[in-house]
Amino acid sequence: MKKLINKLSVLHLLLIAGMMIVFTSCNKDMEQLAPIPTPVYPTGSGIEATLATNANYSFYDALINRAGMKTTLNDLTKTFTLFATDNNGMKIFVNAASGGLVPLNAPDAAFLGFINSNLPASSAAGIVQYNLVGQKFPLSSIGTSFPNYPLTTQIILDPTQPFVRMPIFPARGTTYSYVNNLPITAPTIDAANGVIYTAYSVAAPPTATLKDVIATEPTLSYFRAAIARADSGTAVGTSQFNYLLGYGVTNMTVLAPNDAAFQTLVFGLAFQAYLATRPQPYTATDTLIATATANGAVAAGPAFLSTNNVSTAMVKGIVAYHLLASLTTSTTTPYQPNIRVFSNNVPSTPGYFIKTLVNNSFSTHPGVMAQSTYFGPAVTSLKFTGLGTFPPGGLPYSGAAANAVKMDQHAVNGVYHIIDKVLLPQ
């Protein structure tokens, strides 16, 4: 018992000594951390104040005030990049927004009156928010590589995820620079809290998805039917073209052949299909019947694409070839429709190729060949050439190019160009 008591006494002494060490350590002075320096904010005029002193930007300054964003743009504790436009650009915008009621040669008071009274404040706010990036991006920091350089604007696409925002797309060139498809027309203006670029006119935010805007195009009924056929038998989800076109946070480029383009293809398919059943050499009667058969196929309208005259695989391949894509790190779908290609992102040099969704099935496919023609900073024509020819068997890219009859149609989740020829991937 005496030994046990002695052992307990020793244990108590050790515990007391340990506690003394702890208490002694706790009594030491706490480590002193370096003080956080007080931020030093710039002095001078903010973005709105800078524009307000320049008479050539009085209309855009009125737009900022109509949007209720004067205080935000003069906040020197924040930095911004603003894509504004001068009075000439605002005249173009007001003329269009008024439906022509304010003509381009109207007095300045008419333009200011429309901005201050007729343009809804919510619309003005949407425009300024879309043109505003929450960081300073000098021109030297904007990319020059294809296709463009997306920057995050102040428009939130998903209220539950405030960091998911609508992008705007500046592109720096050696001769001309752009925001979306609008040329930058004046030197950069510096403000105390950011930088201001001057676009040819107002870069207005899109308000509908590709699915919605394509649904309203009167000349794209065959293209819509092709999408429906391509999606047939596929579970609803990201593998469906219709789903992608309606998904608001994607970033796509669609080449949409118009009805006349599909009618030409349908005629050729039906004509060739009939002749394939006849022995050669073909007779005049064979040609007459083939022509009548082809005309009947065209008369069937877009419904022809839902029949057994064409396979789902064929239609799916054609649709996939009209969605531009870029290589990602994904191992399942390495090529994804994640680029927004405006006409001014396409070079004027011949032989430029852009990959498509077809590359997920054929990784070595060269893609579509694209070329723009410029007059100064303006794109006057945009052409795309497919690898395949009709009738089949021609040399690659030897067929006629498809011309964009309607360029740079902007949507929330991408851009589309209406073309006058169906591109064939093989």
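Laboratory data are not the source of any read-out in this text; all were calculated from the coordinates shown. Source: prediction; values computed, not measured. Cβ placement follows ideal geometry from the backbone for every residue including glycine, while neighbour counts extend to all protein chains displayed.
The count of lysine pairs in the chain with alpha-carbon distances below 23 Å, taking only pairs 8 or more places apart or on different chains, stands at 17. Projected label points at Thr264 and Thr293, each 7 Å from Cα along the beta carbon direction, are separated by 2.3 nanometres.
Take the Cα pairs of the range 210-419, get the Kirkwood Rh, then feed it into Stokes-Einstein at 4 °C and 1.567 mPa s and tell me D in µm²/s. Let's see the in-between values first.
Details: Rh = 18.2 Å.
The calculation lands on 71 µm²/s.
Taking the helices alone, the chain has a mean residue ellipticity at 222 nm of -9500 deg cm²/dmol, built from -39,500 (n - 2.57) per DSSP H run of at least 4 residues and averaged over all its residues.
Comparing Pro347, Pro162, Pro279 in a Gaussian network model of the chain, where Cα atoms under 10 Å apart are tied by springs, the biggest mean-square fluctuation is seen for Pro279. Roughly what % antiparallel, to the nearest 5, for the DSSP beta bridges in the chain? If I count the DSSP bridges inside the chain, around 75 percent turn out antiparallel. The amide H of Tyr352, built 1.01 Å from its N in the peptide plane, has Ala370 as neighbours under 5 Å, considering only residues 5 or more places off or on other chains.
A simple rule links phi to the HN-Hα coupling: the Karplus curve 6.51 cos²θ - 1.76 cosθ + 1.60 with θ = phi - 60°, which for the range 363-372 gives 4, 8, 4, x, x, 9, 9, 10, 7, 10 Hz, with x for Gly and Pro.
Give me the net charge of Ile184's neighbourhood, meaning all other residues with Cβ under 14 Å from the Cβ of Ile184; Lys, Arg count +1, Asp, Glu -1. Don't jump to the answer; show the numbers that get you there.
Values: positive: Arg172; negative: Asp86.
Around Ile184, the surrounding residues sum to 0.
I need Ser177, Ser361 ordered by Cβ neighbour count within 10 Å, fewest first.
Working: Ser177 20, Ser361 12.
By the 10 Å Cβ count, ascending, the order reads Ser361, Ser177.
Along the range 113-127 the Karplus relation, 6.51 cos²θ - 1.76 cosθ + 1.60 evaluated at θ = phi - 60°, assigns HN-Hα couplings of x, 5, 5, 7, 10, 9, 6, x, 4, 5, 5, 4, 5, x, 5 Hz to successive residues, with x for each Gly and Pro.
For Thr77, what is the net charge nearby, where nearby means another residue's Cβ is under 15 Å from its Cβ and Lys, Arg count +1, Asp, Glu -1? Before the final figure, lay out each step's value.
Values: positive: Lys78, Lys136; negative: Glu48, Asp75.
That works out to 0.
Here the calculated FRET efficiency for Ala300 and Ser361, from their Cβ-Cβ distance with R0 = 30 Å, stands at 0.55, rounded to the nearest 0.05. Summing +1 for each Lys or Arg and -1 for each Asp or Glu, what net charge is found among the other residues whose Cβ lies under 13 Å from the Cβ of Met166? Taking every other residue near Met166 into account, the sum is +1. Fully extending the segment from Ala273 to Ala121, taken as 0.36 nm per residue of separation minus the present Cα-Cα distance, adds 48.9 nm.
About its Cα centre, how strong a charge dipole does the range 47-199 have in debye, to the nearest 20, once Lys and Arg get +1 and Asp and Glu get -1 at the Cβ? Don't skip to the end; give the middle numbers.
On the way: 7 positive and 7 negative charges, 35 e Å.
The calculated dipole for the range 47-199 is roughly 160 debye.
Across Pro350, Pro302, Pro167, mean-square fluctuation computed from a Gaussian network of the chain (C-alpha pairs under 10 Å connected) peaks at Pro350. Here the dipole of the chain is about 1220 debye; that uses its Cα centre as origin and unit charges on the Cβ of Lys and Arg (positive) and Asp and Glu (negative). Applied to the range 132-140, the Karplus parametrisation 6.51 cos²θ - 1.76 cosθ + 1.60 on θ = phi - 60° returns per-residue 3J(HN,Hα) values of 10, 10, x, 6, 8, 10, x, 4, 5 Hz, with x for Gly and Pro. Computed over the chain, the range of Cα coordinates on each principal axis works out to 122, 84, 37 Å, biggest value leading.
GNM remark for the chain: springs join alpha carbons under 10 Å apart, and the peak mean-square fluctuation among Pro35, Pro396, Pro159 falls on Pro35.
Taking amide hydrogens as placed 1.01 Å from N in the peptide plane, the amide H of Leu424 sits under 5 Å from those of Gly386, Leu387, Gly388, each at least 5 positions away in sequence or on another chain.
Each of Thr38 and Gln161 was given a label point 7 Å from its Cα along the Cα-to-Cβ line. The distance between the two points is 4.1 nm. Among Arg165, Arg278, the ranking by other beta carbons within 10 Å of each residue's beta carbon, starting with the fewest, stands as Arg278, Arg165. Counted by neighbouring Cβ atoms within 10 Å, the residues Leu357, Leu119, Leu104 run from fewest to most as Leu104, Leu119, Leu357.
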